[in-house]
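Student: Please see the structure below; I have some questions.
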Amino acid sequence: MKNISPLNFVHKLGKFGDYDKKSENNLLKISEVNGLLIFQITQYQNSNFDISIIKLDGLSLPSSLRSTSNSNTRILWLGPNNWLVFSSVLDLIKKEKDQFNEMDFAITDISHSRTIIELEGSLVNEVLKKGCPLDINSLKDEDCANSVYNGMNITIDFISENPKKIRISGLRSYGESLYHSITDACLEFGYDAI
């Protein structure tokens, strides 16, 4: 079975919006992130398991509103006892499942249910402010947050400050609407779809 990216028919490469006479460094960059293993880890409410001993791809589970990462894997805190894992190690669940007792945890593969859009550039915060009610300026490297963007539920992962880079993930079913909403917000600044 062939995996078709959520934005296969809408993400077109090239420069759009007000990009004329602007240097490449001043343009926002937008890309789709795909081909990742995505799974959710939930620790049951009645579990007394000490999560501090868990290591996924060498990473601990992060604390409130934070993420942890290495070159292959990012783990985001979604809520109490709930984490979202993005990894280019496609067999990570198989490698690490012995750490998770089924009496204490549920692990759900949601790889095919998400759209991930990566934004990079100095004006990323301005794009987010157009559709997201969060205090974007207070968020920094390795922070993450659940919010909405023009009414669509999203998870924002703040990857780096220099260069400013974030990932926005949302449900695949409204991925095209999310993409159009974000690219529309980028038009006044000019962007390069890569």
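Student: Specify which labelled value, from (1) 1.23; (2) 1.09; (3) 0.99, agrees with Rg/Rh (Cα atoms, Kirkwood Rh) derived from the coordinates of the model shown.
Tutor: (3)
Student: Order 124-130, 57-63 from most to least packed using the mean count of other Cβ atoms within 10 Å.
Tutor: Details: 124-130: 18.9, 57-63: 15.3.
Averaged packing, sorted descending, gives the order 124-130, 57-63.
Student: Whole number in Å², please: accessible area per residue of the range 1-71, 1.4 Å probe, ligands, DNA and RNA not counted. Could the numbers behind the result be given before it?
Tutor: Details: 4530 Å² over 71 residues.
With the other protein chains kept in place, the range 1-71 gives 64 Å² per residue.
Student: A further question on this structure: Please work out the Cα center distance from the range 145-186 to the range 49-112, rounded to the nearest Å.
Tutor: Spelled out, the Cα-based centre of one part sits 21 Å from the other.
Student: On to the next question. Using DSSP to define loop residues, name the trypsin sites (Lys or Arg not before Pro) in the range 29-92 whose beta-carbon has at most 12 other beta-carbon atoms within 10 Å.
Tutor: Lys55
Student: Count neighbours as other Cβ atoms within 10 Å of each site's Cβ, and list the chymotrypsin sites (Phe, Trp or Tyr not before Pro) in the range 46-117 that are DSSP loop with at most 16 such neighbours.
Tutor: Counting only loop positions with at most 16 other Cβ atoms within 10 Å, the chymotrypsin sites (Phe, Trp or Tyr not before Pro) in the range 46-117 are Phe49.
Student: For every helix of n ≥ 4 consecutive DSSP H residues, a contribution of -39,500 (n - 2.57) applies; sum these over the chain, divide by its total residues, and give [θ] at 222 nm rounded to the nearest 500 deg cm²/dmol.
Tutor: Rounded to the nearest 500, the figure is -3000 deg cm²/dmol.
Student: Let me ask something else. Which percent of the accessible heavy-atom area of the chain goes to carbon and sulfur, probe 1.4 angstrom? Present the calculation step by step, with values, prior to reporting the outcome.
Tutor: Details: 4980 of 10090 Å².
Here it works out to 49 percent.
The values are calculated or read from the model by the stated rules, or taken from the named source; none is laboratory data. Fair warning: this is a prediction, and the values are worked out from it, not measured in the lab. Every residue, glycine as well, gets a Cβ built from its backbone with ideal geometry; the counts of neighbours run over all protein chains shown. Accessible surface is based on the protein model in full, side chains and every heavy atom, while ligands, DNA and RNA are left aside. Shrake-Rupley method; radii C 1.70, N 1.55, O 1.52, S 1.80 Å.
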